[in-house]
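The values are calculated or read from the model by the stated rules, or taken from the named source; none is laboratory data. Quick caveat, the model's predicted, so the values are computed rather than measured. Every residue, glycine as well, gets a Cβ built from its backbone with ideal geometry; the counts of neighbours run over all protein chains shown.
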Amino acid sequence: MKMLTDGVPDHGAGPTANRSGDFRIEPPYSWRGLLVVLMVLLVLCVTGARVEVDRLAMLTGEAFAVALGLRDSSQVSRGAVKVVQELFPPQISERREVARIENFNRSDLPWFSHIETLRETEQHLNPRTLAMEKSTISREFLVEPLGYLRHVTLKMIETLEIALWGTLLAVALSLPLAYCSARNYSPHRAVYLVARCLVSFCRAIPELVSALFLVVLYGFGPMAGIAALGLHAAGFLGKFYGEDIENADGGPQEALRAIGAGKLKVLCFGVLPQVFPQYIAYTFYVLDRNVRMATVIGLVGAGGIGQELKGRYDMYNYAHVATILLAIFITVFLLDQIAARMRSRFL
Amino acid sequence: MSRDARSMVRFDNIEKRFGENRVLNRISLDIPRGQFCVILGPSGAGKSTLLRMVNGLVTPTTGSVYIEGWRVERDNLKHIRTGIGMIHQHFNLVQRASVATNVLAGALPRVALWRALLMWFPVPYRRKACQLARAVGLNAAQLSRRVSALSGGQQQRVGIARAFMLDPSVILADEPVASLDPKISRDILGLLRDESRRRAATVLCTLHQIDLAREFADRIVAVRGGEIVFDGEPKAFDDAALRSIYGQSELLAAAPSGIAEPGPSQVAEVLI
């Protein structure tokens, strides 16, 4: 044993007396670590059974089996086929009966549109003779080949506008919040506590929930959406802006305090240049998130593409829903690309 | 108020305790206008604490500090600080900001808040920043460069330019060359001495390098264990004084073996 410890490094984790005295490198795995892993596994098993993770895995497995031709049908694959059949093809054109369009001006049609005339024979009861009669009526339709796409695009632009203004509102609200919730700059302990509470409160309420209430306050439309996005993101930005102020290097701040500069000046010259790149990154993240959230909060009537989505879904117009979902996907994808480029340029 | 009309900074019976730990013990010191006074001592001797009392970054437990006869108090701190420039060991510049912004920041207390927030400094201050940048040996191209792109010595030049922005009557230099090499340390201290002489500013400079203190100081105040153990001209600062700062036993422990009684120059090398 002595020879061994002298000659080669001792790999054993046991309490071998080593010659280096107090110096010791802990082995990477220990009994306590193993015990923790076992406990975590146990907890996962219990909760997994409660939320039916096992069935989720089974049903998905069956669906894959169907896709590979190993089975004839399964619940999930039947549902998937039905959804796809309903969704495709996505709605591009728009077709409206002329008689139902208000102030229709025949000499000034929208771009790329034409009028279709349908002749239909209708049977109806003649009240005098009480006999069924056939008559031919003609109905006119205004057909816009790209009409619905145009409508979705306009709604998408509105969504982006909501996201942009929500972000601006968030930045404007979070700057004073960050100042008050940074422990080393807050004017007073009470102000600090109130600011912290506000920040947590804003962050705790998801946009979708606050939009529900803000729609009651501001009515249906983009206003409620902007307010909902702004409030939630203000909580997020307030927290992160504030923590960055707290963690900024104290040296430059002390140097400016030492010559008698006031708090705001120290913040502007001693802290802001240090935290600026992070601030830009947070703000871009919030803008990115707001675009995604702006598509969703329309579901409760807060404007944008979500409102359109909800309406079409409730009317079983799944082809229209497909167009909207595609539009959302393309927008988020493009935004990701733009954000990545902006980030690499600015930071 | 002041006993001597020429007195610029006066420490009156200063004591400072952090909890049980007494850092400074009954220190009284009078620094006349225009003097380059080096406070010399080993790390932990309390020299930084003493220096930081002048602009109120540290408040004495008992005793007071007077600037031109005015007592440094919480109420007049902001006014007093405007007249005191400070140079720091770790430069304390904003690394990401440009050299120009860092130098201009030295004028912040005198600039209106709205101008400061817009980073729009009045023309006289911008002109002054340019003059100072030239005076401390920076070149024009460096003005718009980020501080992080400069070397340590050049960064301290920026720090000196910032300290002189408001024509302070007192300059506090807290170990200004501790993180620089000996050659650059000499350049920086020479610059500090020349600039402060030209502007008739009083300098309080803490150092731990004995040779630099001897070379640049008008007066050396040596501190050990919170007390003044030497106060006089550099040429009066002899081996006995040296021993009183660092202690015989510490000297011998620090010296290479074989040198029983090191001469002053060797001691200086060992201690740097």
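Quick look at the values:
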item	result
Answer residue from segment A:1-56, given it is at pLDDT below 60 and part of a helix (DSSP H, G or I) and is surrounded by the most Cβ atoms within 10 Å (Cβ to Cβ) among those	A:T5
Conditions (1) closer than 15 Å to B:M86 by Cα; (2) under 16 Å from the mean Cα position of the chain (by Cα): number failed by B:D194	(1)
Residue within segment B:49-62 that is hydroxyl-bearing (S, T, Y), surrounded by 20 or more Cβ atoms within 10 Å (Cβ to Cβ) and either in contact (Cβ under 8 Å) with a residue 40 or more places away in the chain or closer than 23 Å to B:D218 by Cα (or both) present	yes
Flag for B:E20 being surrounded by fewer than 16 Cβ atoms within 10 Å (Cβ to Cβ) and among the charged types (D, E, K, R)	yes
Residue that is touching a helix residue (DSSP H, G or I) at 6+ places or on another chain (Cβ under 9 Å), among the hydrophobic types (A, V, I, L, M, F, W, C) and under 29 Å from A:R341 (Cα atoms), where the choices are A:V296, A:V300, A:V266	A:V296
Of the criteria (1) crowded, with 18+ Cβ neighbours inside 10 Å; (2) in a loop (DSSP other than H, G, I, E, B), which one A:I162 fails	(2)
From B:A236, B:A222, residue being more than 12 Å from the chain's Cα centre (by Cα) and surrounded by fewer than 18 Cβ atoms within 10 Å (Cβ to Cβ)	B:A236
Residue count for segment B:71-92, restricted to those that are surrounded by fewer than 15 Cβ atoms within 10 Å (Cβ to Cβ) and more than 8 Å from chain A (Cβ to nearest Cβ)	5
Out of A:G260, A:G303, A:G270, sole residue that is within 14 Å of chain B (Cβ to nearest Cβ) and not in a helix (DSSP H, G or I)	A:G260
Scope segment B:110-153; condition within 12 Å of chain A (Cβ to nearest Cβ), assigned to a helix (DSSP H, G or I) and farther than 25 Å from B:K183 by Cβ; matching residues	B:R110, B:L113, B:W114, B:R115, B:A116, B:L117
Search result, residues across segment B:136-158 that are buried (at least 24 other Cβ atoms within 10 Å of the Cβ) and touching a Gly at 6+ places or on another chain (Cβ under 9 Å)	B:R157
Top-ranked residue of segment B:154-177 - restricted to ones that are assigned to a loop (DSSP other than H, G, I, E, B) and touching a Leu at 6+ places or on another chain (Cβ under 8 Å), ranked as nearest to the other protein chains (Cβ to nearest Cβ)	B:M165
Index of the failed condition, A:F220 passing every other in (1) under 29 Å from A:K310 (Cβ atoms); (2) in a helix (DSSP H, G or I)	(2)
Scan of segment A:162-180 for residues that are touching a Leu at 6+ places or on another chain (Cβ under 9 Å) and over 18 Å from A:Q307 (Cβ atoms), ordered by number	A:T167, A:L169, A:A170, A:V171, A:L173, A:S174, A:L175, A:L177, A:A178, A:Y179, A:C180
In segment A:273-300, residue nearest to the other protein chains (Cβ to nearest Cβ) [restricted to those that are surrounded by 19 or more Cβ atoms within 10 Å (Cβ to Cβ) and of a type in the set (V, I, T)]	A:V275
Qualifying residue in segment B:152-162 (condition: small (G, A, S) and either in the same structural domain as B:D30 (by TED's automatic domain parsing) or free of Cβ contacts under 8 Å to residues at least 24 places away in the same chain (or both))	no
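Here's the yes/no breakdown for (1) under 15 Å from B:A45 (Cβ atoms); (2) modelled with pLDDT under 90; (3) aliphatic (A, V, I, L, M):
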{"position": "B:P176", "(1), (2), (3)": "no, no, no"}
{"position": "B:S185", "(1), (2), (3)": "no, no, no"}
{"position": "B:I188", "(1), (2), (3)": "no, no, yes"}
{"position": "B:E195", "(1), (2), (3)": "no, no, no"}
{"position": "B:R198", "(1), (2), (3)": "no, no, no"}
{"position": "B:T202", "(1), (2), (3)": "no, no, no"}
{"position": "B:A217", "(1), (2), (3)": "no, no, yes"}
{"position": "B:G225", "(1), (2), (3)": "yes, yes, no"}
{"position": "B:A241", "(1), (2), (3)": "yes, yes, yes"}
